Amino acid sequence: MIFEGKQETSALLSEAERSILFTAKRPQLVMERGEGMYVWDTEDRRYLDFIGGWAVTCLGHSPQVMIDVLSQQAAHLINVSPAFYNRPMIEFANLLTRISGFQRVFFGSTGAEANESAIKLARKYGSLHKGGAYEIITTTNSFHGRTLATMSATGKAKWQQLFSPSMPGFKHVPLHDMNAMSEAIGPQTCAIMLELIQGEGGVNEVDADYVKELRRRCDDEGILLIFDEIQTGIGRTGKMFAYEHYGIQPDIMTLAKGIGGGFPLSAMLTKEIYNLFDAGDQGGTYTGQPLGMAVGLAVVNEVIRLNLPQHAEEQGNYLLGKLRDVQQTYGLQNIRGKGLMLAFDLPEPLGAELVAACLEEGLIINSPNAHTIRLMPPLIVSKANIDDMITILCHVMDRIRNNEHNPTL
């Protein structure tokens, strides 16, 4: 059976190399199935998942609630075009507005699509109320998506020349530098766009005083404040939405990842006063698709029913404690984050090596840069899962530390 599994994997990988466009360096394995905190490959090797499909599988892999709703909704109505209302669309919009404090929702399929919608709405606002203002200020090391517009909004320096020319109208300033922000704000500014915890940037949390000052400046200047909660929303940080930690609400908020539990789904939420789109200004073939709406409704209701934001806070604190227990042993630095969106820095730039070695031992983690390890497990993670993760992580770090080429770990 093991030999047959290896043969099948080899054949599948050969097919992948012939037919799939290269966009990422992937390990030489093929994932086959998942359940709860674990996934299995085609050779039946089990992996403890501590990235949760990039903070997507909030209920774990293949949760029964998603299996049931996909089957039930598919038997009734899968797609009817965005030209019509459908029951789960209305019910899901009502749920999101009720729990978020916003009044209007636009649904999409990806985080980039939600952020594109926020950019369009901010520019429509600038056109109508700010004399044609169109510039949006973001921060360095931010990440807002992979479309041309959201890449231009993203504060990664290397992306500014990728697929150039970049879309005009975006300025990037260092996080927490209010002087730079003040200098960037001008007559053409229509919005400031911010991740409250930078995810791809390395889990960099925004200071409360900085957020408070941004809210004040936006109010004074009559510009919009946009919170990109693609990664932080739906319980990830220990609150349903990360803005709740600050007690400051934006004018526009974007959601994705956890909102669908693994189904491609996103949303842009705004206050009633910014209900500015005319018919045809915004849309998309799959916006408000009944199947996706039913899944999102079921997932968010399950997050609420299980009180997963509080669970994320409790388990995140437990994981932080476990990391601090081994901090001195392995020279870990800057252990940080909220809820189940955590990270730590390594004493040497060995992130990719550590990720690969952990994968060999059955643990999936992420390294957004050479010095940083990021942990984003499903919100259902248990203390036993965390103990297992720490055991594997320490075992692998011991292996690397004992390697004469990398004596610092």
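Where a number appears in this text, it was derived from the coordinates with a stated rule and is not lab data. For clarity, every value in this text was computed on a predicted model and none was experimentally measured. Note that each Cβ is placed from the backbone with ideal geometry, even for glycine, and that neighbours are counted across all protein chains shown.
In whole Hz and in residue order, list the ³J(HN,Hα) couplings for region 272-289 that follow from phi through the Karplus curve 6.51 cos²θ - 1.76 cosθ + 1.60, θ = phi - 60°; x for Gly and Pro.
3J(HN,Hα) across region 272-289, in whole Hz: 3, 5, 9, 7, 10, 5, 8, 4, x, 5, 9, x, x, 4, 9, 6, x, 4.
Once you list every other residue whose beta carbon is under 12 Å from the beta carbon of Lys124, what net charge do they have if Lys and Arg are +1 and Asp and Glu are -1?
+1
Per q in 0.14, 0.17 Å⁻¹, report the Debye log10 I(q)/I(0) for region 77-305, using one uniform scatterer on each alpha carbon and no solvent.
These q points yield log10 I(q)/I(0) values of -0.84, -1.25.
According to a simple spin-label model (label point 7 Å from Cα along Cα-to-Cβ), what is the distance in nm between Glu91 and Gln161?
With each label point 7 Å from Cα toward Cβ, the separation is 5.3 nm.
Name the residue, out of Ile67, Ile223, Ile136, whose mean-square fluctuation peaks in a Gaussian network model built on the chain with Cα pairs under 10 Å.
Result: Ile67 has the largest fluctuation of those listed.
Considering the chain as a Gaussian network with a 10 Å cut-off on Cα pairs, which listed residue, Arg46, Arg216, Arg236, attains the greatest mean-square fluctuation?
Arg216
Using only helices, what value at 222 nm comes out for the chain when you add -39,500 (n - 2.57) per DSSP H run of length 4 or more and divide by the total residues, to the nearest 500 deg cm²/dmol?
-12500 deg cm²/dmol, from helical runs alone.
Obtain the nm distance between the two label points defined at Glu360 and Ala74 by a simple spin-label model: each point lies 7 Å from its Cα along the Cα-to-C-beta direction.
3.9
Restricting to Cα pairs below 8 Å that are 6+ residues apart, what does the relative contact order work out to for the chain? Please round to a whole percent.
Contact order relative to length: 21 percent.
Over the Cα atoms of region 132-186, Rg to Rh with Kirkwood Rh, two decimal places?
Expressed as Rg/Rh, it is 0.96.
Percent of Cα-Cα pairs per 10 Å bin, from 0 to the last occupied bin, for the chain, please list those.
5, 21, 30, 27, 14, 4, 0
Out of residues 5 or more away from Glu32 or on other chains, whose amide H comes under 5 Å of its own, with H placed 1.01 Å from N in the peptide plane?
Here the answer is Trp40, Asp41, Thr42, since their amide H atoms fall under 5 Å of that of Glu32.
Exactly which chymotrypsin sites (Phe, Trp or Tyr not before Pro) in region 75-170 are in a DSSP loop and have at most 13 other Cβ atoms within 10 Å?
Filter output for region 75-170: Phe84, Tyr85, Phe163.
How far is the Cα center of region 337-352 from the Cα center of region 3-73, in Å?
So the separation of the two Cα centres works out to 24 Å.
So what are the ³J(HN,Hα) numbers for region 327-343, from phi and the Karplus equation (6.51, -1.76, 1.60; θ = phi - 60°), rounded to whole Hz, Gly and Pro as x?
So the J values, rounded to whole Hz, are 4, 5, 4, 10, x, 5, 10, 6, 5, 7, x, 10, x, 10, 10, 10, 7.
Rounded to the nearest 10 degrees, what's the angle between the helix 64-74 long axis and the longest principal axis of the chain, both from Cα atoms, 0 to 90?
Orientation of helix 64-74: about 50 degrees from the principal axis.
Taking the alpha-carbon centroid of each part, what is the distance from region 87-147 to region 287-328 in angstrom?
Comparing the Cα centres of region 87-147 and region 287-328, I get a distance of 23 Å.
With respect to the cross-link table entries Lys257/Lys338; Lys171/Lys239; Lys130/Lys171; Lys171/Lys338; Lys158/Lys338; Lys25/Lys322, which display a Cα-Cα separation exceeding 25 Å?
Beyond 25 Å between Cα atoms: Lys171/Lys239; Lys171/Lys338; Lys158/Lys338; Lys25/Lys322.
For region 304-360, which chymotrypsin sites (Phe, Trp or Tyr not before Pro) are both in a DSSP coil and crowded by at most 16 other Cβ atoms within 10 Å?
none
I'd like to know which of Val80, Tyr246, Ala114 lies farthest towards the positive end of the charge dipole of region 77-305, counting +1 on Cβ of Lys and Arg and -1 on Cβ of Asp and Glu.
Of the listed residues, the answer is Val80.
Among Leu393, Leu332, Leu13, which one moves the most in a GNM of the chain with springs linking Cα atoms closer than 10 Å?
Leu13
Residues with beta-carbon under 15 Å from that of Gly238, excluding Gly238: net charge, scoring Lys, Arg +1 and Asp, Glu -1?
For residues surrounding Gly238, the net value is -1.
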